[in-house]
Number of protein chains: 2
Amino acid sequence: MRPNKRDELVSKALNVFYRSGFHATGMDTLVKETGISKTSIYKHFRTKDDLIIAVLRLRDENFRSWLFSRMAALSDAPAGQLLAMFTALGEWFGKPEFAGCMFIKASAEFQNRAHPVYQQSTEHKQMLLEHFTGLAKAAGASDPAGLARQLLTLKEGAIVLAAMSVTPDPAGDARYTARMLLQPYLAGG
Amino acid sequence: MRPNKRDELVSKALNVFYRSGFHATGMDTLVKETGISKTSIYKHFRTKDDLIIAVLRLRDENFRSWLFSRMAALSDAPAGQLLAMFTALGEWFGKPEFAGCMFIKASAEFQNRAHPVYQQSTEHKQMLLEHFTGLAKAAGASDPAGLARQLLTLKEGAIVLAAMSVTPDPAGDARYTARMLLQPYLAGG
DNA sequence: CCTCAAGTGTACCGTTCGGTACATATTGGC
DNA sequence: GCCAATATGTACCGAACGGTACACTTGAGG
């Protein structure tokens, strides 16, 4: 059995970074929290930044596949899926491990636009946008790209308010607005 | 003349933290960028965190007064002011020094809910929410608090997308959605 | 059984971290 | 002109930073 120490490291590092932040988490902390020796870490990744990039790549895969499959599970129709996104978000916000969007936080800590961490963060949002645009097109929206951008805006806003504990039900509020946008395309409102 | 070194420090430190982040900015960097000696800094603030808190307090005052006065300048009617917020945001996004919302970034770096930086960040959003609620009430909205929450969601989402360079005109997109929400309360569309 | 890749623990590197000590300017009010 | 208050530069503290060196252990495959 080769449990692939590298994947184990990335997956465990993800949790630590997600909970404690990137700059605030030192390599020694990472060693202690993951139980993997520093020697091994640096055998797999040249620098801390490289590890962070691998972490974000994993997060991107995990989050997108979770969100999209959850949306698909909640509705068959494209417009219904878009609305269901906010139901899925509400489920996420309710989980005890919820701590905001990892990519918003990553881009907040690495603001330099030339930095790969920043770039990967915006690419993640870009990919969400494309998926939403596809669904909006399938739903017969008159301006699919525009509708997708508006829904993405609602999603990001809801995540921020949830992470900052500003309002009690950010997903519900966003869903309410989303319903207004989607009403023309929802079958049997 | 007593130019109040403390205020000068806080105002200059604000710019450095805003551009480079909190954890990523060391005290030595702060000394170099502000031109104020470390001895003086620690005569005014016991710890780095205390300085950050003062910075956020200043930012809160500056941003709120800027946004509210800009909204008021753009429209007399309450509903018009709420819509004008997104015009004001667009102006902000266009400024070269724009680098996202300082409070979103602060709460991303200080995730511990007991930490004063986190608390102050949510309080800032809370105060925005109250202002919006007041305007929504004045506009005659049927659910002022709900409308305020939805508009705040749009605002935060737009800021995130602007800071991450995901879409070309986040303020315009958010404004479009906001108009739908506000339409019943806007005089003469 | 031996090999060899992969992982470990520990000690260490130079640098930077947040923060302090202290002796020296600078400066407005009396 | 003198006194405080407030600034400064510099040297320093112990701890933590990202990263490396090296000798050692583990374990599956030929």
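Let's see how each residue does on (1) open to solvent by less than 70 Å² (accessible area, probe 1.4 Å); (2) in contact with a Leu (Cβ under 7 Å, 6 or more places away or on another chain); (3) within 13 Å of DNA strand D (Cβ to nearest atom); (4) not acidic (Asp, Glu):
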site: A:Tyr18; (1), (2), (3), (4): yes, no, no, yes
site: A:Ala24; (1), (2), (3), (4): yes, no, yes, yes
site: A:Met27; (1), (2), (3), (4): yes, no, yes, yes
site: A:Thr39; (1), (2), (3), (4): no, no, yes, yes
site: A:Phe63; (1), (2), (3), (4): yes, no, no, yes
site: A:Leu67; (1), (2), (3), (4): yes, no, no, yes
site: A:Ala73; (1), (2), (3), (4): no, no, no, yes
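Can you name every residue in segment B:83-117 that is over 29 Å from B:Tyr185 (Cβ atoms), of a type in the set (A, V, I, L, M, F, W, C) and touching a helix residue (DSSP H, G or I) at 6+ places or on another chain (Cβ under 8 Å)?
Scanning segment B:83-117 gives B:Phe98, B:Ala99, B:Met102, B:Ala106, B:Ala108, B:Phe110, B:Val117.
Filter segment A:113-126 for residues that are facing another protein chain (nearest Cβ under 9 Å), open to solvent by 20 Å² or more (accessible area, probe 1.4 Å) and under 18 Å from B:Ala24 (Cβ atoms) and give the result.
A:Arg113
Testing A:Asn15 on (1) more than 16 Å from DNA strand C (Cβ to nearest atom); (2) in a helix (DSSP H, G or I); (3) away from every other protein chain (no Cβ under 14 Å), one condition comes back false. Which one is that?
With (1) more than 16 Å from DNA strand C (Cβ to nearest atom); (2) in a helix (DSSP H, G or I); (3) away from every other protein chain (no Cβ under 14 Å) applied to A:Asn15, the lone miss is (3).
Considering segment A:89-100 alone, what residues qualify as being open to solvent by 10 Å² or more (accessible area, probe 1.4 Å) and more than 8 Å from chain B (Cβ to nearest Cβ)?
Answer for segment A:89-100, where residues must be open to solvent by 10 Å² or more (accessible area, probe 1.4 Å) and more than 8 Å from chain B (Cβ to nearest Cβ): A:Gly90, A:Glu91, A:Trp92, A:Phe93, A:Gly94, A:Lys95, A:Pro96, A:Glu97, A:Phe98.
Give B:Lys125, B:Lys95, B:Lys105 a once-over and let me know the one that is under 21 Å from A:Asp173 (Cβ atoms) and basic (Lys, Arg).
Going through B:Lys125, B:Lys95, B:Lys105 in turn, the sole match is B:Lys125.
If you take the residues of segment A:101-112 that are polar (S, T, N, Q) and without any contact (Cβ under 8 Å) to a residue 12 or more places away in the chain, which of them is farthest from the other protein chains (Cβ to nearest Cβ)?
A:Asn112
In segment A:76-90, which residues are touching a residue at least 60 places away in the same chain (Cβ under 8 Å) and either more than 10 Å from A:Ile159 (Cα to Cα) or touching a Lys or Arg at 6+ places or on another chain (Cβ under 7 Å) (or both)? Working first, answer last.
Keep residues of segment A:76-90 that are touching a residue at least 60 places away in the same chain (Cβ under 8 Å), which gives A:77-80, A:82-83, A:85-87, A:89-90.
Answer for segment A:76-90, where residues must be touching a residue at least 60 places away in the same chain (Cβ under 8 Å) and either more than 10 Å from A:Ile159 (Cα to Cα) or touching a Lys or Arg at 6+ places or on another chain (Cβ under 7 Å) (or both): A:Ala77, A:Pro78, A:Ala79, A:Gly80, A:Leu82, A:Leu83, A:Met85, A:Phe86, A:Thr87, A:Leu89.
For segment A:59-141, give me every one of the helices (runs of 4 or more DSSP H) that falls completely inside it and has 3 or more residues that are of a type outside the set (S, T, N, Q) and closer than 20 Å to B:Ala106 by Cα. Give the steps one after another, and end with the answer.
Details: elements: A:78-94, A:102-109, A:116-138.
Output list reads A:102-109.
Return yes or no: is A:Ala174 at negative phi and more than 7 Å from every other protein chain (Cβ to nearest Cβ)?
no
The values are calculated or read from the model by the stated rules, or taken from the named source; none is laboratory data. Because the structure is a prediction, the values reported are computed rather than measured. Backbone-built Cβ (ideal geometry, glycine too); neighbour counts: all protein chains shown. Accessible surface is based on the protein model in full, side chains and every heavy atom, while ligands, DNA and RNA are left aside. Shrake-Rupley method; radii C 1.70, N 1.55, O 1.52, S 1.80 Å.
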